[in-house]
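Let me begin by presenting the structure, written as structure tokens, before commenting on it.
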Amino acid sequence: MNNAEILQTVSDILREVLELPNLAVTITTSAADIDEWDSMTHIQIIASIEGKYKLRFALGELQALKNVGDMIELIQKKLSK
């Protein structure tokens, strides 16, 4: 799976969880950019990504993420193991 495919999937998850069907998501998108992305929706986003890719994130890994691009890199890293 390549980064573009992961970006598309993560974008779809963000649109669904945040209930923003027209949300434009890029690798630089972060929670600070989207008012609806609060701590509760963040948990839902992470759970949805973990479920979709059948993987688990450690708390330290999540704390290091700054934007969608960082999340894509982390997903790619975990999928390649």
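The values are calculated or read from the model by the stated rules, or taken from the named source; none is laboratory data. Worth saying up front: this structure is predicted, and the values here are computed from it rather than measured. Please note: Cβ atoms are built from the backbone with ideal geometry, for glycine as well, and neighbour counts cover all protein chains shown. Ligands, DNA and RNA are excluded from the accessible area calculation, which covers all protein heavy atoms including side chains. Shrake-Rupley method; radii C 1.70, N 1.55, O 1.52, S 1.80 Å.
Quick check on the stretch 28-38. Is at least one of its residues open to solvent by less than 90 Å² (accessible area, probe 1.4 Å) and either closer than 20 Å to residue 53 by Cα or in contact with a strand residue (DSSP E or B) (Cβ under 6 Å, 6 or more places away or on another chain) (or both)? Spell out the reasoning first.
Applying the first criterion (open to solvent by less than 90 Å² (accessible area, probe 1.4 Å)) to the stretch 28-38 yields 29-31, 34, 36-38.
Adding the requirement that they be either closer than 20 Å to residue 53 by Cα or in contact with a strand residue (DSSP E or B) (Cβ under 6 Å, 6 or more places away or on another chain) (or both) leaves none.
No.
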Practice problem: Residue by residue through the stretch 45-57, note down the ones that are open to solvent by 50 Å² or more (accessible area, probe 1.4 Å) and either over 24 Å from residue 4 (Cβ atoms) or in a loop (DSSP other than H, G, I, E, B) (or both). | Solution: 54, 56
Practice problem: Please specify each residue of the stretch 31-81 satisfying the condition of being over 14 Å from residue 10 (Cβ atoms) and among the hydroxyl-bearing types (Ser, Thr, Tyr). | Solution: 39, 80
Quiz item: Are there any pairs with C-beta distances below 6 angstrom linking a residue in the stretch 8-23 that is in a loop (DSSP other than H, G, I, E, B) to a residue that is basic (Lys, Arg) and open to solvent by 30 Å² or more (accessible area, probe 1.4 Å), with the two at least 6 apart or on different chains, and if so which?
Solution: 21/15; 23/15
